[in-house]
Amino acid sequence: MLTLNKNYLALTVLLFILETVIALYVHDQFIRPYLGDVLVVILIYCFVKSFLKVPAVPAAFGVLLFACGIEMLQYFNFVTVLGLENHKVARIVLGSSFDWQDLLAYLGGFGLLLFFENRSVLKKPLSF
């Protein structure tokens, strides 16, 4: 079950860099709030698939549940409950504001994952 998949690891690194660029430099009304949330589901999925050999659908569904769970914790001000409201990293990782539209963005990321996995795009070896 434990493995190293270089394709997913490379995608994880690329998506992490892209998410970091979006977080630091993009301050708009679409890319940062929506596309960023779509991509974060794909990022977490690629990270999981980098190290675990699990079927696509359960992995994608688990990531979707995780993302939605974090969003629901935001509804209950979890960062404040933990006393971490003054810690920037905690606010970034756990989030600090609930938004129903984020749940839709996560669902969009989940749908994209299933679409691409069904097409076996990510299973072909990368050449470096």
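Across the stretch 1-48, which residue is surrounded by the most Cβ atoms within 10 Å (Cβ to Cβ) among those that are hydroxyl-bearing (Ser, Thr, Tyr) and within 21 Å of Gly108 (Cα to Cα)?
Top of the filtered list is Tyr45.
Where the second residue is buried (at least 16 other Cβ atoms within 10 Å of the Cβ) and part of a helix (DSSP H, G or I) and the first is touching a residue at least 24 places away in the same chain (Cβ under 8 Å) and among the charged types (D, E, K, R) and lies in the stretch 101-112, which pairs have Cβ atoms under 7 Å and are six or more apart or on separate chains?
The qualifying pairs are Asp102/Asp37; Asp102/Glu71.
Given (1) of a type in the set (Phe, Trp, Tyr); (2) part of a helix (DSSP H, G or I); (3) touching a residue at least 12 places away in the same chain (Cβ under 8 Å), identify the lone condition not met by Phe115.
(3)
Looking at the stretch 67-104 only, could you name the residues that are over 22 Å from Leu43 (Cα atoms) and among the polar types (S, T, N, Q)?
Asn77, Thr80, Asn86
May I ask you to list the residues in the stretch 49-69 that are in contact (Cβ under 8 Å) with a residue 24 or more places away in the chain and surrounded by 17 or more Cβ atoms within 10 Å (Cβ to Cβ)?
Passing the criteria: Lys49, Ser50, Ala56, Ala60, Val63, Leu64, Ala67.
So that you can scan it fast, the table gives a plain yes or no per residue for (1) in contact with a Phe, Trp or Tyr (Cβ under 9 Å, 6 or more places away or on another chain); (2) of a type in the set (Asp, Glu); (3) under 19 Å from Thr12 (Cβ atoms):
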{"residue": "Val40", "(1), (2), (3)": "yes, no, yes"}
{"residue": "Phe51", "(1), (2), (3)": "yes, no, yes"}
{"residue": "Ala56", "(1), (2), (3)": "yes, no, yes"}
{"residue": "Phe66", "(1), (2), (3)": "no, no, yes"}
{"residue": "Phe76", "(1), (2), (3)": "yes, no, no"}
{"residue": "Val81", "(1), (2), (3)": "no, no, no"}
{"residue": "Trp100", "(1), (2), (3)": "no, no, no"}
{"residue": "Gly111", "(1), (2), (3)": "no, no, no"}
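Which members of the stretch 107-128 meet the condition of being at pLDDT below 55 and buried (at least 16 other Cβ atoms within 10 Å of the Cβ)?
Of everything in the stretch 107-128, just one residue is at pLDDT below 55 and buried (at least 16 other Cβ atoms within 10 Å of the Cβ), namely Leu122.
The values are calculated or read from the model by the stated rules, or taken from the named source; none is laboratory data. It should be emphasised that the depicted structure is a prediction, and the values quoted were computed from it without experimental measurement. Quick reminder, even Gly has a Cβ in these numbers, built from the backbone with ideal geometry, and neighbours come from all protein chains shown.
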